[in-house]
1. Mind listing just one residue for me: the one in the stretch 122-137 that is closer than 22 Å to residue 96 by Cβ and under 25 Å from the mean Cα position of the chain (by Cα) and, of those, modelled with the highest pLDDT?
2. Regarding residue 145, is this residue more than 19 Å from residue 62 (Cα to Cα) and either in contact with a helix residue (DSSP H, G or I) (Cβ under 9 Å, 6 or more places away or on another chain) or in contact (Cβ under 8 Å) with a residue 40 or more places away in the chain (or both)?
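The values are calculated or read from the model by the stated rules, or taken from the named source; none is laboratory data. None of the values given here were measured: they were computed from a predicted structure. A quick note on method: Cβ atoms are made from the backbone with ideal geometry, for glycine too, and the neighbour counts reach across all protein chains shown.
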């Protein structure tokens, strides 16, 4: 019995037969078509995602400080080609150490900003950065939309 199995294995291993040239060509065509379909799907997804991201472009129109209410108002305008949703705000005294202060703002779960429209974000003091606004200090802000690129800007607090 063992001799028959060995003989059978030897015959299979000695066989020089392979797939026919026609079948090999068909397999290569099928593999190429599958690769094209996968590439097309990836490119289309990437293009749609990047088009939406490129359409969001924020700019800062004004920053003001209300001494009575102890709050900073940041007026943001959407100069892009698609609506934006502002979801986070960061502030700091240098560009390298900004802190998220979203919980001290009126953003909530986000503030929708249609194309060519303005929105105000109100930042209360005290917050995660400081207990009080310091006159004459340069503050670094970052406004972050849900999609797209964050807008960084600096503002010099007015002297008292």
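1. 123
2. Working: more than 19 Å from residue 62 (Cα to Cα): no; either in contact with a helix residue (DSSP H, G or I) (Cβ under 9 Å, 6 or more places away or on another chain) or in contact (Cβ under 8 Å) with a residue 40 or more places away in the chain (or both): yes.
No.
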